[in-house]
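The values are calculated or read from the model by the stated rules, or taken from the named source; none is laboratory data. All figures in this text were calculated on a predicted structure; none of them were measured in a lab. Glycine also receives a Cβ, built like all others from the backbone with ideal geometry; neighbour counts cover every protein chain displayed. Keep in mind that these areas ignore ligands, DNA and RNA; they rest on the heavy atoms of the full protein, side chains included. Shrake-Rupley method; radii C 1.70, N 1.55, O 1.52, S 1.80 Å.
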Amino acid sequence: AYDRALEHLSSARAAKPNNAFHHQWVGFAHYAQGDFEAARAALEEGLSMYAYMHDALNILGLSRFQSGDRNGARAAYQQVLTINPSQSDALNNLGYLEYEDGNLELALDLLSRSVRENPDSAEARFHLALALTGRGALAEASAELEQVVRDQPDMARAWNAWGMALMQMGQPAAAEEKFTRAVELDPERDDARMQR
């Protein structure tokens, strides 16, 4: 109920505008609604009062990333890791950004650290598997993706990525099973349908 939450949080912020955490929670609510610019503004306001809110910095990074500001996102994630070097979400988010930017070794380091800090994060394992696939470590990527779908069996993109790894490993029958499962879970996954 993000609309109602935002209404209450905005009232709290109006009542106590000098409370940095009220701005943080308003920013979180805007982010959850997909209003990344409003999230960014609220989070930056809160961080101007108290710069050490690492959760706010992480969501600020995500808001900047969603708005196309990759350098701003990177700076926010790095600031989180300056405050708390073991913050798994920031490690994951920065690692994925570095993966997308082609900085594979840095991405692998960050994503491996994220998984070590939070072994239950399917998202971090998924991103690590993508980076391992990019490096050509297909057996390792396949093992990570098997763990992802065991923990989160409805994650269609993980089934698709697993199929890609198996296909590159020369296992077309096993790959076809994974692509089929991806399409069953998400009939709009044209990439999985094409690869199958």
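In table form, for the structure just shown:
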{"quantity": "Any hit, the stretch 62-83, residues being part of a helix (DSSP H, G or I) and among the acidic types (Asp, Glu)", "calculated": "no"}
{"quantity": "Criterion: surrounded by fewer than 20 Cβ atoms within 10 Å (Cβ to Cβ), farther than 22 Å from Gly102 by Cα, without any contact (Cβ under 8 Å) to a residue 24 or more places away in the chain and charged (D, E, K, R) - qualifying residue of Asp186, Asp151, Asp190", "calculated": "Asp190"}
{"quantity": "Residue list for the stretch 14-53, filter: closer than 20 Å to Tyr2 by Cα and polar (S, T, N, Q)", "calculated": "Gln24, Gln33"}
{"quantity": "Matching entry among Leu132, Leu138, Leu106, Leu145 (being among the aliphatic types (A, V, I, L, M) and within 19 Å of Phe65 (Cβ to Cβ))", "calculated": "Leu106"}
{"quantity": "Qualifying residue in the stretch 72-95 (condition: open to solvent by 20 Å² or more (accessible area, probe 1.4 Å), among the basic types (Lys, Arg) and at pLDDT below 95)", "calculated": "no"}
{"quantity": "Scan of the stretch 94-125 for residues that are assigned to a helix (DSSP H, G or I), free of Cβ contacts under 8 Å to residues at least 12 places away in the same chain and more than 15 Å from Glu140 (Cβ to Cβ), ordered by number", "calculated": "Glu100, Leu106"}
